[in-house]
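Asker: Have a look at this one.
Just so it is clear, none of the values below were taken in a lab; they were calculated from the coordinates. Given the structure is predicted, the values throughout are model-derived calculations rather than measurements. Glycine gets a Cβ as well: all are built from the backbone with ideal geometry, and neighbour counts include every protein chain shown.
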Amino acid sequence: MTSVSDHTYKLTYFNIEGVAEKIRLAFVLAGINFEDDRINSEDWAALKPTTKYGQLPVLTIDGVEYSQSDAMLRMAGRCGDLIPTDPLEEMRMNEAIGISDDLDRALAPGLYYAIRPTAYGMPEGYNNTDEGKDHIRRCRVDFVTNKLPNFLDFFVAILKSTPGTCIGTRSHFPRSHS
């Protein structure tokens, strides 16, 4: 079996935190050296058709490309001994990650109507119309008023139900997720 340090890691994503930030943080927590390849949106059009599934992030390990941010996160966690060995603690960790993913999905409409309205079936430029701006505002107000408080309650309950960190007394990577 090879050690983590026997491999080269390159994480490619846009020059924002986004879904790659949880992987970056897991690498840092795990002590794994990696190249943080941040691309700008102008380069994405040329790069997109060369990626495995036409999406980012891409994690290249020893020249082989991998996709899907949660798979990357779990790989980094396993390599850095950040995943609990106890099955019940691992399930609690995955539960916290799932709640975080649900929060991301609840937040998405308020973000993507503003930056990519066509992803939600709206015409290009919808975000710049009065109707679009009002729709974006209502999505964001709904998220902050009705959805975010529930998610915060979920996370508080998780933290209150465990000693130390989200998952038991050791550090595990759900703390770095999202």
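Asker: Please list, by residue number, every one of the chymotrypsin sites (Phe, Trp or Tyr not before Pro) in the range 1-68 that is coil in DSSP and has at most 13 other beta-carbon atoms within 10 Å. Before the final figure, lay out each step's value.
Answerer: Numbers: sites: Tyr9, Tyr13, Phe14, Phe27, Phe34, Trp44, Tyr53, Tyr66; in loops: Phe34, Tyr53.
Answer by residue number: Tyr53.
Asker: For the range 1-53, which GluC sites (Glu not before Pro) are both in a DSSP coil and crowded by at most 16 other Cβ atoms within 10 Å? Intermediate results must be reported in sequence, preceding the final value.
Answerer: Working: sites: Glu17, Glu21, Glu35, Glu42; in loops: Glu17.
Sites meeting the loop and neighbour criteria: Glu17.
Asker: Sum -39500 (n - 2.57) across every DSSP H segment of at least 4 residues in the chain, then divide by the residue count to get the 222 nm mean residue ellipticity, nearest 500. List each step's numbers first, then the result.
Answerer: Numbers: 6 runs with 83 residues, N = 178.
Counting only the DSSP helices, I get -15000 deg cm²/dmol.
Asker: Rounded to the nearest 5, what % of DSSP beta bridges with both residues in the chain are antiparallel? Mind dumping the intermediate values first?
Answerer: Values: 7 of 12 bridges.
Bridges in the chain are about 60 percent antiparallel.
Asker: Please go through the residue pairs Lys10/Lys133; Lys22/Lys160; Lys22/Lys48 and name each one whose alpha carbons sit more than 30 Å apart in this structure.
Answerer: Lys10/Lys133
Asker: Taking the Cα centre of the range 4-79 as origin and charging only Cβ (+1 Lys, Arg; -1 Asp, Glu), how large is the dipole, in debye to the nearest 20? Provide the component values of the computation, followed by the final result.
Answerer: Values: 8 positive and 11 negative charges, 50 e Å.
The calculated dipole for the range 4-79 is roughly 240 debye.
Asker: Shifting gears a bit: Could you work out how far apart the two model spin labels at Thr60 and Asn94 are, taking each label as a point 7 Å from the Cα in the direction of the beta carbon, and quote it in nm?
Answerer: 3.2
Asker: Same structure again: About the Cα centre of the chain, what is the dipole size in debye to 20, counting +1 per Lys and Arg Cβ and -1 per Asp and Glu Cβ, all else neutral? Kindly include the intermediate steps, with their values, before the conclusion.
Answerer: On the way: 19 positive and 25 negative charges, 65 e Å.
Rounded to the nearest 20 debye, it is 320 debye.
Asker: Let me ask something else. With +1 on each Lys and Arg Cβ and -1 on each Asp and Glu Cβ, and nothing else charged, work out how big the dipole of the range 53-147 is about its Cα centre, in Debye to the nearest 20. Each step should come with its number before you reach the end.
Answerer: Working: 10 positive and 16 negative charges, 81 e Å.
Dipole size: approximately 380 debye.
Asker: With an 8 Å Cα cut-off and a minimum separation of 6 or more residues, compute the relative contact order for the range 4-79 in percent. Intermediate values should be presented prior to the final figure.
Answerer: Details: 105 pairs, mean separation 30.6, N = 76.
Result for the range 4-79 is 40 percent.
Asker: Let me ask something else about it. For the range 4-79, what proportion of DSSP beta bridges, expressed in % and rounded to the nearest 5, is antiparallel?
Answerer: Here the antiparallel bridges make up roughly 60 percent for the range 4-79.
Asker: Evaluate 2.2 N^0.38 Å with N set to the residue count of the range 4-79, then give the Cα radius of gyration divided by it. The partial results should precede the final answer.
Answerer: Numbers: Rg = 11.7 Å, N = 76, 2.2 N^0.38 = 11.4 Å.
For the range 4-79, the normalised Cα radius of gyration comes out at 1.03.
Asker: Report, please, the projected area of the range 25-137 averaged over directions, based on the convex hull of its C-alpha atoms, in nm². Don't skip to the answer; put the middle values down first.
Answerer: Details: hull surface 37.3 nm².
Average projection, Cα convex hull of the range 25-137: 9.3 nm².
Asker: Just going by the charge dipole of the chain, with Lys and Arg at +1 and Asp and Glu at -1 on Cβ, which of Gly54, Thr8, Leu103 is farthest out on the positive end?
Answerer: Farthest along the dipole direction, towards plus: Leu103.
Asker: What trypsin sites (Lys or Arg not before Pro) in the range 43-150 are in a loop by DSSP, with at most 14 other Cβ atoms within 10 Å of the Cβ? Provide the component values of the computation, followed by the final result.
Answerer: On the way: sites: Lys52, Arg74, Arg78, Arg92, Arg105, Lys133, Arg137, Arg138, Arg140, Lys147; in loops: Lys52.
Here the sparse-neighbourhood loop sites are Lys52.
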